[in-house]
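Asks: Structure incoming, see below.
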Protein chains: 2
Amino acid sequence: MIELDEIDRRILLALARDATQSAGALGRRFGLSQPAMWRRIRRLQEAGAIKGRRLRLNAEALGFGVTVFLGVKLGRKGRASLSDFERAVSAIPEVQTVEHVLGLYDFRLRVVARDLPDFERVLRRRIMTLPGAGEVEANVLLSEERLPGPL
Amino acid sequence: MIELDEIDRRILLALARDATQSAGALGRRFGLSQPAMWRRIRRLQEAGAIKGRRLRLNAEALGFGVTVFLGVKLGRKGRASLSDFERAVSAIPEVQTVEHVLGLYDFRLRVVARDLPDFERVLRRRIMTLPGAGEVEANVLLSEERLPGPL
DNA sequence: GATGAAAACACACCGTA
DNA sequence: TACGGTGTGTTTTCATC
């Protein structure tokens, strides 16, 4: 586990919100020089605190107006098929996230589609036919808010 | 809705995976000059295809080893208190994502905690006491895979 | 697509505690 | 040893042609 001081925490929170901020700009905000800030960021990367930098796409603007969360329970107790299911579901283009979870369901999927008819197609022809798929529960996304998190 | 050509799609997919790639490097991969690539990226941003660039933090390395998905159903006449609930839940530091959904639950929350005792504290003292909170269902995250998505 | 100025990055070296 | 500052070459960004 990585030890962080107060400045590290502020850096991570600031960059988690907007990773376009330059080391120089961040340094000015926190009273550090550009190289000092840059070294801190590099140290955090090397320590593994940072997994990567990603573009967040606007799915709606790109024609994917429907996002659905699916809870999937696998059929039989033979959980040798866990990996098979995971591999098969990961190959479906419309699936954005595959979460293996413990609880009422075995997997949680985030699925996008152009519209509801398109989602029905994905559900019936791709998801329901997966090896081992049993019960499926669906929640349609209305709105979403991502927060900075603890730290 | 934004129209994309094949190169735009490849740019977005590449940057969604790793936003550290420079316009020059992407241009070389796709056979475009650095300024041409840079202009495409800017055009995609201005068109709204890109919501932003974010750092992905390694919650586990930062001491948050437990991630739990909660499905929350509001109490019977809780519909007037949707906003109240949303505001209150967004103020809990351990809550990373608040999704307002349609279906069996009203909200889906992504919650992180240092360990299971810590999660129990969050659940009992912060979540269960929220205004309007009714049924709560939990799934503990075992592993997660984020995929590029359709396009 | 090419060129070039401005900005940001990335590193070396030095100072302090 | 650990951290920050200064100085500087390199790379990237971004505007103009």
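Asks: Report, to one decimal in Å, the Kirkwood hydrodynamic radius for the protein assembly as shown based on all distinct Cα pairs. The partial results should precede the final answer.
Replies: On the way: mean 1/r = 0.0477 Å⁻¹.
Over the protein assembly as shown, the inverse of the mean reciprocal pair distance is 21.0 Å.
Asks: Ok, one more. Set the Förster distance to 45 Å, then compute FRET efficiency between B:S83 and A:S33 from the Cβ-Cβ distance, nearest 0.05. Please list the in-between numbers first.
Replies: On the way: r = 44 Å, r/R0 = 0.98.
Calculated value: 0.55.
Asks: Turning to a different aspect of this structure: What whole-number value in cubic angstrom gives the convex hull volume per residue for the C-alpha atoms of region B:6-46? Intermediate results must be reported in sequence, preceding the final value.
Replies: Details: hull volume 2.4 nm³, N = 41.
Taking the convex hull of the Cα positions in region B:6-46, it is 58 Å³ per residue.
Asks: At q = 0.09, 0.16, 0.18 Å⁻¹, what is the log10 ratio I(q)/I(0) for chain A, with the Debye formula run over Cα points and no solvent?
Replies: Taken in order of the listed q values, log10 I(q)/I(0) reads -0.45, -0.92, -1.01.
Asks: What are the label-to-label distances in nm, one decimal and shortest first, from B:S83 to the same spot in the other copies, with labels 7 Å along Cα to Cβ?
Replies: Ordered by distance, the counterparts are at 5.2 nm.
Asks: Taking a label point 7 Å from Cα toward Cβ, how far is B:D5 from its twins in the other copies, in nm, shortest first?
Replies: Label point to label point, same position, other copies: 5.1 nm.
Asks: May I pose another question? Relative contact order of chain B: what whole-number percent is it, with Cα pairs under 8 angstrom and at least 6 residues apart?
Replies: On the way: 168 pairs, mean separation 38.4, N = 151.
After rounding, I find 25 percent.
Asks: Can you work out the PRE-style zone for A:Q45? Point 7 Å along Cα to Cβ, and I want the residues of region B:44-59 with backbone N under 19 Å.
Replies: In region B:44-59, the label zone of A:Q45 (backbone N under 19 Å from the point 7 Å along Cα→Cβ) covers B:53-59.
Asks: Divide, for region B:66-140, the radius of gyration over alpha carbons by 2.2 N^0.38 Å, where N is the residue count.
Replies: Details: Rg = 11.4 Å, N = 75, 2.2 N^0.38 = 11.3 Å.
Normalised Rg, Cα atoms only: 1.00.
Asks: A follow-up question, please. In nm to one decimal, list the spacings between the A:D115 label point and its equivalents in the other copies, with label points set 7 Å along Cα to Cβ, shortest first.
Replies: 5.3
Asks: Which whole number gives the average, over all residues in B:69-75, of C-beta atoms from other chains lying within 10 Å of the residue C-beta?
Replies: Details: counts 7, 0, 8, 0, 0, 0, 0.
Across the residues of B:69-75, the mean count of other-chain Cβ atoms within 10 Å is 2.
Asks: Right, something else. Sort B:106-112, A:127-133, A:9-15 by packing, meaning the average of other beta carbons within 10 Å per residue, with the highest value first. Mind showing how you got there, number by number?
Replies: Working: B:106-112: 23.3, A:127-133: 16.9, A:9-15: 18.7.
The densest-packed peptide leads the list: B:106-112, A:9-15, A:127-133.
Since every read-out is calculated from the coordinates, none of them should be taken as a lab result. These numbers were taken from a predicted model, which means no experiment stands behind them. FYI the Cβ positions are ideal-geometry reconstructions off the backbone, even for glycines, and counts take in every protein chain you see.
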